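Heads up, the thing below is written out as structure tokens.
The values are calculated or read from the model by the stated rules, or taken from the named source; none is laboratory data. Being a predicted model, the structure only gives us computed values, none of them experimental. Using ideal geometry, Cβ is built from the backbone for each residue, glycine included, and neighbour counts are taken over all protein chains shown.
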Amino acid sequence: MEIESKKLNLEVAGMSLRNPGILASGFLGISQAIFERIYDEGAGAVVSKSISKYPMEGYRNPTIVIIENKSYINAVGLSNPGYEAFFEEVKENDRVPLIVSLVGSDPSDFEVMTKKLNRSSINGFEINLSCPHVQKLGMEVGDDPKMVKSIVETTKSNTTKPVFVKVGVGNTNILDISQAAINAGADGITAINTIRAMKISIDNFNPILSNKIGGLSGNSIKPIAIRCVYELSKKFNVPIIGCGGVSNWEDAVEFMIAGATSFQVGTALGYDGMSIFNAINGGIVKYLDKKGFQSVKELIGRSHKY
Ligand SMILES: Cc1cc2nc3c(=O)[nH]c(=O)nc-3n(C[C@H](O)[C@H](O)[C@H](O)COP(=O)(O)O)c2cc1C
């Protein structure tokens, strides 16, 4: 049962959400049944695992290592069944606000996927331009502003649904990449993805992940994500969706005060389970009451005044 409160209702790039908490891409897979379950557990919306044109197997195990500070390093390798199988999975969706995450290596990949998925009752797209550990996809594309422009323009011209662009901390400044995406018509920015990282065994001297290098997520990246959201929301007039280390209502509130219109939750689900969305919703409502705010919207960008 979700915590219902009008104080949590808001709009993100034209999508009406009952609350600002969104499931981050890559958690809980791509099954419609799981999307419904997490929605029933209190998520305001759901982002699918990143979907590609062709099925991708991903890397060999180990693909995830659990580290200190409620964090992971992962190199799953964007394993997914491809957009055609995904379409069959979600085509009957009629009640979950669903954002489909797309990954590809050039504009034509995005054209094919958007055309087909646009016909399903999904609510928007999130372009993953920031996966830090897969060659020719994600960050390798997202570090090139010209490619970003052309991918976003192609995606926008094939859908009327909102298109978010997910940026990360790569070689190119996050503000420059976001500027390229917004100039090309992006309706919002999701920040951030995981950050390149490693874990090495001191017993057998091996890097632990099969891919050696992976992406750091969870509480360890939160201060970096907060800085990115703050800078992005000061500079741009589109909604910024905060992502990176949200594990309780205090983190969620901090992201919104930094300038996020809503926030995503990923790694913390692995530590605290699906009830985390309701716990966050309940905490935010109590905080709003205590502070005398009528709506969660009053939090957005409040730190900018100082
Ligand atoms: C196991 C795993 C798989 C992920 N898969 C994706 C993905 O398919 N697409 C994507 O855009 N981000 C992916 N991410 C990144 C998350 O969506 C998110 O940006 C990142 O984990 C930071 O948020 P968090 O600290 O709340 O986990 C993945 C992260 C993890 C740990």
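Yes/no per residue for (1) within 16 Å of the ligand (Cβ to nearest atom); (2) of a type outside the set (A, V, I, L, M); (3) crowded, with 17+ Cβ neighbours inside 10 Å; (4) under 19 Å from residue 6 (Cβ atoms):
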residue: 277; (1), (2), (3), (4): yes, yes, yes, yes
residue: 280; (1), (2), (3), (4): yes, no, yes, yes
residue: 283; (1), (2), (3), (4): no, yes, yes, yes
residue: 291; (1), (2), (3), (4): no, yes, no, yes
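Residue by residue through the stretch 269-306, note down the ones that are touching a Pro at 6+ places or on another chain (Cβ under 7 Å) and more than 20 Å from residue 46 (Cβ to Cβ).
If the condition is that a residue be touching a Pro at 6+ places or on another chain (Cβ under 7 Å) and more than 20 Å from residue 46 (Cβ to Cβ), then no residue fits.
Take residues that are among the charged types (D, E, K, R), modelled with pLDDT under 95 and out of contact with any Cys (no Cβ under 9 Å at 6 or more places or on another chain) and tell me which of the helices (runs of 4 or more DSSP H) falling wholly in the stretch 119-184 contain 3 or more.
none
Would you call residue 7 within 16 Å of the ligand (Cβ to nearest atom) and of a type in the set (D, E, K, R)?
No; evaluated as a whole, the condition is false for this residue.
Residues of the stretch 10-30 being of a type in the set (Gly, Ala, Ser), closer than 19 Å to residue 242 by Cα and within 16 Å of the ligand (Cβ to nearest atom), which ones?
21, 24, 25, 26
Need the failing condition index for residue 93 against (1) closer than 27 Å to residue 187 by Cβ; (2) part of a loop (DSSP other than H, G, I, E, B); (3) within 15 Å of the ligand (Cβ to nearest atom), just the number.
Result: residue 93 passes all but (3).
Given the structure, is residue 208 surrounded by fewer than 21 Cβ atoms within 10 Å (Cβ to Cβ) and within 15 Å of the ligand (Cβ to nearest atom)?
yes
Which one of the conditions (1) surrounded by 21 or more Cβ atoms within 10 Å (Cβ to Cβ); (2) touching a residue at least 60 places away in the same chain (Cβ under 8 Å) does residue 46 fail to meet, given that it meets all the rest?
Here residue 46 meets the rest and fails (2).
Name, by its number, the condition in (1) within 27 Å of residue 236 (Cα to Cα); (2) more than 16 Å from the ligand (Cβ to nearest atom); (3) not polar (S, T, N, Q) that does not hold for residue 33.
(1)
Please go through the stretch 253-306 and pick out each residue that is assigned to a loop (DSSP other than H, G, I, E, B), under 19 Å from residue 69 (Cβ atoms) and in contact (Cβ under 8 Å) with a residue 24 or more places away in the chain.
Across the stretch 253-306, the qualifying residue is only 266.
Can you find a residue that is touching an Asp or Glu at 6+ places or on another chain (Cβ under 8 Å), within 14 Å of the ligand (Cβ to nearest atom) and polar (S, T, N, Q) anywhere in the stretch 263-270?
No, the stretch 263-270 has no match at all.
Identify, from the list 152, 163, 167, the residue that is in contact with a helix residue (DSSP H, G or I) (Cβ under 8 Å, 6 or more places away or on another chain), within 13 Å of the ligand (Cβ to nearest atom) and among the aliphatic types (A, V, I, L, M).
From the options 152, 163, 167, the qualifying one is 167.
Report yes if some residue within the stretch 125-137 is more than 16 Å from the ligand (Cβ to nearest atom) and of a type in the set (D, E, K, R); otherwise report no.
No, the stretch 125-137 contains no residue that is more than 16 Å from the ligand (Cβ to nearest atom) and of a type in the set (D, E, K, R).
Taking the stretch 219-249 as the region of interest, how many residues are within 14 Å of the chain's Cα centre (by Cα) and either hydroxyl-bearing (Ser, Thr, Tyr) or more than 14 Å from the ligand (Cβ to nearest atom) (or both)?
Here the count works out to 1.
Which pairs have Cβ atoms under 9 Å, sit 6 or more apart or on different chains, and link a residue in the stretch 62-85 that is within 11 Å of the ligand (Cβ to nearest atom) to one that is in a strand (DSSP E or B) and of a type in the set (Phe, Trp, Tyr)?
Filtered contacts from the stretch 62-85: 64/72; 65/72; 66/72.
If you take just the strands (runs of 3 or more DSSP E) that sit entirely in the stretch 1-76, which of them hold at least 3 residues that are modelled with pLDDT of 95 or more and closer than 23 Å to residue 117 by Cβ?
Passing ranges, in order: 15-17, 45-47.
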